[in-house]
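One structure below.
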Amino acid sequence: MLFIDLAAQQAAMGASLAERISAVLAHNHYILGPELSELESRLEKFTGAASCLGCASGSSALELALTAFGLGPGDAVITTPFTFVATAESIARTGATPVFVDIEPETLNLDARHLEPALVAIERGDQRVYPLPAQARSGRLRAAAIVTVDIFGRPCAYDAILGAAGKHGLRVLEDAAQSFGATWRHRLACNLGCDAAATSFFPTKPLGCYGDGGAVFTNDPEIAAMVDSLRYHGRASRDGKYDNVRPGMNGRLDTLQAAILLAKLEIFPREISLRQACARRYDSLIAGSGLPEAGLLPPPLPDEDGTDSVWAQYTVQLPPGCPRDDVADFLRRLQIPSAAHYPRGLHMQGAFAGLGYAAGDFPVTDQACARVLSLPMHPYLEEEAQARVISALESAVRECRPRTPETV
Ligand SMILES: *Cc1c(COP(=O)(O)O)cnc(C)c1O
């Protein structure tokens, strides 16, 4: 069994993939070729966002958007510690300071209820109000932005987040690396009312290319123009390659990747439905098993009409005290792959040791990190395979010996 089946996807694309690639090999415009602008306008139509700018990766998309916000030293940027490292890394690369807030226990998305206390703490430099990084404890940082993450493909609670951001004059960047194709109140991810969004086309994301790629989306023409300049070494204009007005980077999506994405985009709407159907089948298999009574937490159902995850991952939380490594080993022996997204919060990663956070600052994140297990998930996963996954998981959980102090 495969965790993600890219070969099945390749078969589903048929001849269009090779045709798209051959077209690039015929015209030889590998950088900013016609496929890039075609892809950008297709993705603008798909999301409804005014501007899409293809970038070299999801990480560069995040960094370009935050740089276009004008962030730098002295700015505090609020985000979640329960995410891939690139989210907070991109904040740090602008010179701003990441400030973490804890997550919701079920959705595992940033908990909007923590925004007010975190903002008060930043303003006063008082970590008795909310855990702060060392740099913010003097009260010299200014809260400037929020980076939300639609974890596992599920959009955050944007009404509460955008409400707080509006009240405090903060910019909002949606890290939609995992949620491209998801919906929130009938709107597509990357166009949910934030100042900008960044997505990733890493091969295993819901819309993936065959290498590194990403994109920035925005409805703000100034941000779009800035990202367009920054991704091309800060050039002055589209026809001024050797007139560089600001330090930028080489941050463009290349033409071949754009061509591959155009082929994938043809089957993407169907793949979204297949992913959602796959998640619903997992939901009902779990509901019909002994797992909920054993304390396993499935991902929560979408809570309103027109809202759904794109299921980049189907991630359960194992019963408290049930060792994940044992469960993963049990599954591996049955040729069932699984993964831990994420075993450690970013506040506990060496890369961010300089922020000086303490273990226990974000208890919901710590809990999730100990319990999460992602199951095989892709559009071509069949019901029979899913039934095997859930029945194996049930046996594994039945076998798992909670680690009490005597057995450690
Ligand atoms: C994958 C991912 C990124 C980074 O994307 P790359 O294309 O690998 O640079 C950023 N944020 C989140 C939440 C991701 O899952």
_Quick check on segment 298-339: of everything there that is assigned to a loop (DSSP other than H, G, I, E, B) and touching an Asp or Glu at 6+ places or on another chain (Cβ under 9 Å), which residue is modelled with the lowest pLDDT?_
302
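Does residue 246 satisfy being more than 15 Å from residue 69 (Cα to Cα) and either within 15 Å of the ligand (Cβ to nearest atom) or surrounded by fewer than 23 Cβ atoms within 10 Å (Cβ to Cβ) (or both)?
Answer is no for this residue.
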_Pairs where the first residue, in segment 312-326, is farther than 14 Å from residue 107 by Cβ and the second is acidic (Asp, Glu), C-beta under 9 Å, 6+ apart_ = 326/399
*Of all residues in segment 258-303, how many are in contact (Cβ under 8 Å) with a residue 24 or more places away in the chain and of a type in the set (Asp, Glu)?*
2
*Between a first residue in segment 191-205 that is polar (S, T, N, Q) and a second residue that is more than 11 Å from the ligand (Cβ to nearest atom) and not in a loop (DSSP other than H, G, I, E, B), which pairs have beta carbons less than 7 Å apart while being 6 or more apart in sequence or on different chains?*
191/47; 191/217
*Which one of 65, 26, 92 is under 27 Å from residue 183 (Cβ atoms) and at pLDDT 95 or above?*
65
*State whether one or more residues within segment 286-295 are within 23 Å of residue 174 (Cβ to Cβ) and surrounded by 17 or more Cβ atoms within 10 Å (Cβ to Cβ).*
no
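Going residue by residue through segment 47-56, is there one that turns out to be under 16 Å from residue 251 (Cβ atoms), within 16 Å of the ligand (Cβ to nearest atom) and of a type in the set (S, T, N, Q)?
Quick first cut of segment 47-56, residues under 16 Å from residue 251 (Cβ atoms) only: 51-56.
Add one more test, that the residue is within 16 Å of the ligand (Cβ to nearest atom), and what stays is 52-56.
Filter once more, so that each one left must be of a type in the set (S, T, N, Q): none.
No: segment 47-56 contains no residue that is under 16 Å from residue 251 (Cβ atoms), within 16 Å of the ligand (Cβ to nearest atom) and of a type in the set (S, T, N, Q).
Look at segment 98-129 and say how many of its residues are in a loop (DSSP other than H, G, I, E, B), crowded, with 21+ Cβ neighbours inside 10 Å and touching an Asp or Glu at 6+ places or on another chain (Cβ under 9 Å).
Pass one, segment 98-129, residues in a loop (DSSP other than H, G, I, E, B): 101-102, 104-109, 111, 125-129.
Applying the additional criterion that residues be crowded, with 21+ Cβ neighbours inside 10 Å yields 101-102, 108-109, 111.
Among the residues that remain, those that are also touching an Asp or Glu at 6+ places or on another chain (Cβ under 9 Å) are: 101-102, 109, 111.
Residues that pass the stated criteria total 4.
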*Does residue 164 count as away from the ligand (no atom under 16 Å from the Cβ) and not in a helix (DSSP H, G or I)?*
no
*From the residues in segment 169-202 that are farther than 16 Å from residue 153 by Cβ and either part of a strand (DSSP E or B) or modelled with pLDDT under 95 (or both), which one is nearest to the ligand (Cβ to nearest atom)?*
173
*Could you please give the count of residues in segment 64-99 that are in contact with a Gly (Cβ under 8 Å, 6 or more places away or on another chain) and within 14 Å of the ligand (Cβ to nearest atom)?*
4
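The values are calculated or read from the model by the stated rules, or taken from the named source; none is laboratory data. Only a predicted model underlies this, so the values are computations on that prediction, with no experimental measurement involved. Positions of Cβ are generated from backbone atoms using ideal geometry, with glycine treated the same way; all protein chains shown enter the neighbour counts.
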